[in-house]
1. Return the only residue of Lys239, Lys215 being open to solvent by 10 Å² or more (accessible area, probe 1.4 Å), in contact with a Leu (Cβ under 9 Å, 6 or more places away or on another chain) and charged (D, E, K, R).
2. Using the structure shown, decide if Trp229 is among the aromatic types (Phe, Trp, Tyr) and crowded, with 23+ Cβ neighbours inside 10 Å.
3. Does region 314-326 contain any residue that is modelled with pLDDT under 95, not aliphatic (A, V, I, L, M) and not in a helix (DSSP H, G or I)?
4. Are there any pairs, at least 6 apart or on different chains, whose C-beta atoms fall under 8 Å, with the first in region 289-301 and among the aromatic types (Phe, Trp, Tyr) and the second crowded, with 17+ Cβ neighbours inside 10 Å and in a loop (DSSP other than H, G, I, E, B), and if so, which?
5. Among (1) under 30 Å from Ala84 (Cβ atoms); (2) among the charged types (D, E, K, R); (3) surrounded by fewer than 19 Cβ atoms within 10 Å (Cβ to Cβ), where does Lys118 come up short?
6. Which of the numbered conditions does Glu88 fail, given that it passes all the others? Conditions: (1) surrounded by fewer than 20 Cβ atoms within 10 Å (Cβ to Cβ); (2) assigned to a strand (DSSP E or B); (3) charged (D, E, K, R).
7. How do the pairs read when you match residues in region 168-186 that are closer than 17 Å to Trp308 by Cα with residues anywhere that are open to solvent by 40 Å² or more (accessible area, probe 1.4 Å) and in a helix (DSSP H, G or I), using Cβ under 7 Å and keeping only pairs 6 or more apart or on different chains?
8. May I ask you to list the residues in region 28-56 that are among the hydroxyl-bearing types (Ser, Thr, Tyr), under 17 Å from the mean Cα position of the chain (by Cα) and open to solvent by less than 60 Å² (accessible area, probe 1.4 Å)?
Amino acid sequence: MTSFAHLKSAVALAALSVAATAATAEKWDMPMAYAATNFHSEHGVMFADKVREYTNGEIDITPHHGGSLFGGGEIKRAVQTGQAPIGERFMSAHANEDPILGWDNLPFVATSYADNNKLWEAAKGPVNERLAEHNLVTLYTCPWPGQGFYFNQEVNSSADIAGVKFRAYNTATANIAETLGMVPVQIEAAEIAQAFATGVASSMISSGSTGYDRKLWEHVSTYYKVNAWFPRNYVMVNKGIWDGLDAQTQAAVQKAADETAVSCSAKSEELANWYFEQFAENGMVVSEATPAFRAELETIGESMTADWLKAVGDDGQAILDAYKAN
């Protein structure tokens, strides 16, 4: 066979190999609730790229940001039922379905990144066991920066915010609003700017990240730092689909997930103070909550933690005991 014939044969074999890979590649749509520029979303893209690389293209993930494929409140069910094989959501959004999933929304239990990491290590086992019952497998989690309050007025105590419309995003935030005398309104992240612009809400508790993404300095005057908790987003995969992967593919996907988790957590911590700087540059006042307001919040936190323990039972107590022991 001539060298040219050898070359033609090699090209043909390579083409067949590529075609076979393309034919067998699994294409996974990945719904995500936050804007493409949010660091969680950016890490979703990083994860997809790593999966594509580590599986040699056998799994091709396409992230869909900003609730464009499924709205934030629809993502978990979409993944559970296989409408989407994989997706991202913040875990405590599902605490109304299963209270243990609110482990990261216990006010003032873990008020630093280091403590939040310890709390996740304590919660990981029981939480993942419960998620398996929901037909889900957690691939990685990533914390938001600490939660603080956005208001369009100076706040010294709850007396200053009675009747204020408060954006709630889960059971915990709705409880806080009601206890402080505010009116909770369920609003997804993608709808925040419109809600504040139209007066549907005028306050919320969230990280600096969400406020920055939605340019809340256009609607509110003040951010109060309290670091009440560090909620976590998690990337979940349908358990049936996950179990159908061979061990080598699972290991490759998990490697991508583990590396993304480390990078995402580091980015969150790096950005935390930077968001506050952006608020100040855009005219917002950034300050610590007053001692009186913080004391009210801590009392609410103790009550909410007690209620969570009653709802979750032994698993909840085991999580807190393990956390305190570390």
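The values are calculated or read from the model by the stated rules, or taken from the named source; none is laboratory data. Please read all numbers here as calculations on a predicted model, not as lab measurements. Cβ sites come from the backbone with ideal geometry, for glycine too, and all protein chains shown count toward neighbours. Heavy atoms of the whole protein, side chains included, go into the accessibility calculation; ligands, DNA and RNA do not. Shrake-Rupley method; radii C 1.70, N 1.55, O 1.52, S 1.80 Å.
1. Matching residue, one of Lys239, Lys215: Lys239.
2. In short, yes.
3. Yes, that holds for at least one residue.
4. Note: pairs meeting the criteria are Phe293/Val155.
5. Looking at each condition in turn, Lys118 falls short on (1).
6. All conditions pass for Glu88, except number (1).
7. Every condition considered, no pair remains.
8. Across region 28-56, the qualifying residues are Tyr34, Ser41.
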